[in-house]
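Following: one structure in structure tokens, then a few remarks.
Taken together, the values in this text are just the output of simple stated rules run on the coordinates, not laboratory data. Only a predicted model underlies this, so the values are computations on that prediction, with no experimental measurement involved. So basically every Cβ, Gly included, is an ideal-geometry build from the backbone, and we count neighbours across all protein chains shown.
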């Protein structure tokens, strides 16, 4: 409209790549800096263009529409139905808070004793709660060949994750499942699960993710090992 | 309430949405439906911000095929797409209050958020796998190839596909590589051996042509 005096037309040319997320992080940061310096009129023109592109691509999404797997709906709805993190008062009933967040992941939560640090603190938000609230929360899930599924919701910023296992068959008598965070320096034990802990649904908090790249599950004799010795039953990439 | 509206209300919510977006604004009942549905998504999002699980379910049903379909087209992997879609909706649940109707439609907000996550994921996977064959030189596919017939009202899809077909090959390719393959415009110019200015102007011209063809504000 009144763009005849646009000082930096090149800047406006980047509105489309910006709106399509077609800039690298450093390009985007540099652009945002230039925009801030270019003044209000330029920023208005730029963001008008960005908005128009995004509205257009929203309409275009009809062309790629595809139904997601049906299970996703149930998982999401049970997640939000049990997520009352935001409505909690700061100091009360942290344990309930932790359980609600954990239940947010499991389709049905059964409280179990497992050899993983579950430490709902009286002062601070629980680890699970922090993971859920993190801006970089990610979900990875995979089928376990022997049956059932394992899902990890984790945040690198929080250095922690929440593991949910559903319908995993119990380990043979005399053995446990052991979880390992595998990084460049090798596997570090993240806890064990015995037959009581496994079925039908288990949650566990994983702390100190560090630079681990995978969560590995093995079968170990007795009450677990210091290094993995048994068969690997599953691995989830933590990326 | 007129008959068109009544019929629309009897449809599943996502079809109402698609139907409504399709309707031309001819100043009659249809335009009212368009507005009503737009308001609906806004309202749902506001209720989601109040932690209303029913509104969340309705919002999911109204948008899931668009969100998942777009994510799946970017990620080209069922498992990744499902995980990313789950992350997207959890993020919507947590951050719905940050949606500002003045800055655009609710649908554009959702899809922008979903596209950001899909692109982040595809770039992370590419970095991790050193561009293995899954994400490497995949032949470009047209959006229509991915469509499941039942999901979106046929006429809406046809209209969008016709508009995409109306682009020049280079315009379409630029948009495909950037939007659906998660490339930066610099990578697009490398892939197409075209200079940066050309890529930027083809993207811009392509988007303008689409916008005009689709009649987007």
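Can you put B:155, A:49 in order of Cβ neighbours within 10 angstrom, beginning with the fewest?
Details: B:155 13, A:49 20.
Result, fewest neighbours first: B:155, A:49.
What's the FRET efficiency of residue A:28 with residue B:162 using the Cβ-Cβ distance as r and R₀ = 41 Å, to the nearest 0.05? Working shown, then result.
Details: r = 33 Å, r/R0 = 0.80.
With a Förster radius of 41 Å, E is 0.80.
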Which order do B:89, A:47, B:99 fall in if you start with the one that has the fewest other Cβ atoms within 10 Å?
-> A:47, B:99, B:89
What is the spin-label model distance, in nm, from residue B:78 to residue A:184 if the labels are put 7 Å beyond Cα along the C-beta direction?
-> 3.6 nm
Label point distance in nm, residue A:156-residue A:231, each placed 7 Å from Cα along Cα→Cβ = 3.4 nm
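To one decimal place, what Kirkwood hydrodynamic radius in Å is obtained for the stretch A:165-239 from all pairs of distinct Cα atoms? Show your work: numbers first, answer last.
Working: mean 1/r = 0.0802 Å⁻¹.
Result for the stretch A:165-239 stands at 12.5 Å.
Classify the stretch A:6-64 from the C-alpha gyration tensor, please: rounded if a/c falls under 1.5, else prolate or oblate depending on whether a/b exceeds b/c. Present the calculation step by step, with values, prior to reporting the outcome.
Details: a/c = 2.94, a/b = 1.66, b/c = 1.77.
Oblate.
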For each of B:92, A:140, count neighbouring Cβ atoms within 10 Å of the residue's Cβ, then give the residues from fewest to most.
-> A:140, B:92
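How much length is gained if the chain between residue B:97 and residue B:42 is pulled fully straight, taking 0.36 nm per residue apart and subtracting their Cα-Cα distance, in nm to one decimal? Please report the intermediate quantities before stating the final value.
Numbers: separation 55, 0.36 × 55 = 19.80 nm, distance 1.10 nm.
So the extension gain works out to 18.7 nm.
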For residue A:67 and residue B:190, extending 7 Å from Cα along the Cα-Cβ vector and measuring point to point gives, in nm, a value of 4.1 nm
